[in-house]
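To start, the structure itself, in structure tokens.
The values are calculated or read from the model by the stated rules, or taken from the named source; none is laboratory data. Please read all numbers here as calculations on a predicted model, not as lab measurements. In this analysis, Cβ positions are derived from the backbone assuming ideal geometry, glycine residues included, and neighbour counts consider all displayed protein chains.
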Amino acid sequence: MRSERSGETTVRVLVVEDEKGLAESMRRGLVAEGFVVDVVHDGVSGLWAASEFSYDVAILDIMLPRLNGYDVLKHIRDRNIWTPKSDHRGPADCSTQPPD
């Protein structure tokens, strides 16, 4: 959900990453660029956050505990929750399409 504060647009990002050091690095970098970031460390928590809050983008790790990134995305789509996403497999891998 984009919100206006002091004439600036705030972009909300959900990061779902089980490697806590990597997740923290991503969070710090995104916050430094002005994004509002929520981080969770497993697929079930990611699905809950995406269902409960509004995000402009979700960055999903694929190999997550409890529910993998593909299944999180499938459940998000099944619930008609629209959030552009990135399948986080590497720094250059970014997609706006669900997996085949």
Problem set entry | Hits in the range 25-45 - residues which are touching a residue at least 24 places away in the same chain (Cβ under 8 Å) and among the polar types (S, T, N, Q) | Ser45
Problem set entry | Identity of the residue in the range 47-62, outside any strand (DSSP E or B) and not hydrophobic (A, V, I, L, M, F, W, C), that ends up surrounded by the fewest Cβ atoms within 10 Å (Cβ to Cβ) | Glu52
For this session: Look through Arg2, Arg27 and report the one residue that is modelled with pLDDT under 95, more than 22 Å from Asp71 (Cα to Cα) and basic (Lys, Arg).
Result: Arg2
